[in-house]
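One structure is given here, and the rest of the page talks about it.
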């Protein structure tokens, strides 16, 4: 029996098979969860429907999180399809492409508002609306963050500010929903070659740096994030809430990069 056998999970934010949300869906499906999905606009509908079909689901709902009526409709449609909800995966973030150029000092007022609305407020709005569907089910919510929430990552800009706000939101929501028996946590994943990542100027250099510095000397995969999400949404993590769990091959623990030590490991196999 899988760790999520019989649980009903809503997954947002899938763009394609390289999305982190896809890795989570894949792991959830393997562990026995029933899945439903959202798409933000008609352009993404067919793609998300195809992915849903891959996991044996025909539950695909439109939800542009900038529109309150879409969030309300999502709750109504989901309640018609299922008698409850156990898991909600929030994999939604957005900032206009131009906000990744220059620095934070160049952030526009509109770009800031859009980034915070889509990347942060959407978690609050969706949680509030979906919470009644989790009644009596000890629900679990997952959102996705990144190390740029706490340290400066050049060109990550306003999204770093949004991720910092997102992590703080997780802690406050954890307090609010605990009284109803539910949990919420964030996964801070290392950089992955997703569609959204390529909006960031110099992303390939960021990937190279992360691989060079982290203790394992390799990139992480969407499957590794998916396995962590399974754990956090399973009963094995029933006492964990309000946390930010790093899945970055230990990148966040490093203070200084030792080039000579890395060469020894890679070439001579020393220190292993």
>> Helix 158-178 against the longest principal axis of the chain: what's the angle in degrees, Cα atoms only, rounded to the nearest 10?
In response: 50 degrees
> Can you put 122, 79 in order, fewest other beta carbons within 10 Å first?
Replying inline: 79, 122
> How many angstrom lie between the C-alpha centres of the range 2-56 and the range 136-178?
Replying inline: 21 Å
> Once both axes come from the Cα atoms, what is the angle between helix 222-233 and the longest principal axis of the chain, in degrees from 0 to 90, rounded to 10?
Replying inline: 50 degrees
> If R0 is 35 Å, what FRET efficiency do you get for residue 209 and residue 44 from their C-beta distance, rounded to 0.05?
Replying inline: 0.70
>> Please compute the modelled spin-label separation between residue 110 and residue 80, points set 7 Å along Cα→Cβ, answer in nm with one decimal.
In response: 3.5 nm
> So how tilted is helix 42-54 from the main axis of the chain? Cα-based, degrees 0 to 90, rounded to 10.
Replying inline: 90 degrees
> Quick one: if the Förster radius is 51 Å, what FRET efficiency do residue 164 and residue 58 give, using the C-beta to C-beta distance and rounding to 0.05?
Replying inline: 0.85
> Stretch residue 98-residue 5 to full length: gain in nm at 0.36 nm per residue minus the Cα-Cα span?
Replying inline: 29.2 nm
> Given a Förster distance of 25 angstrom, what is the FRET efficiency for residue 178 paired with residue 69, based on the Cβ-Cβ distance and rounded to 0.05?
Replying inline: 0.30
>> If I take all pairs of Cα atoms in the range 46-113, what percentage of them are more than 15 Å from each other?
In response: 69 percent
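Values quoted throughout were computed directly from the atomic coordinates according to the rules given, and no laboratory measurement underlies them. All values derive from a computational prediction rather than experimental measurement. Here Cβ is always computed from backbone atoms with ideal geometry, including for glycine, and neighbour counts include all displayed protein chains.
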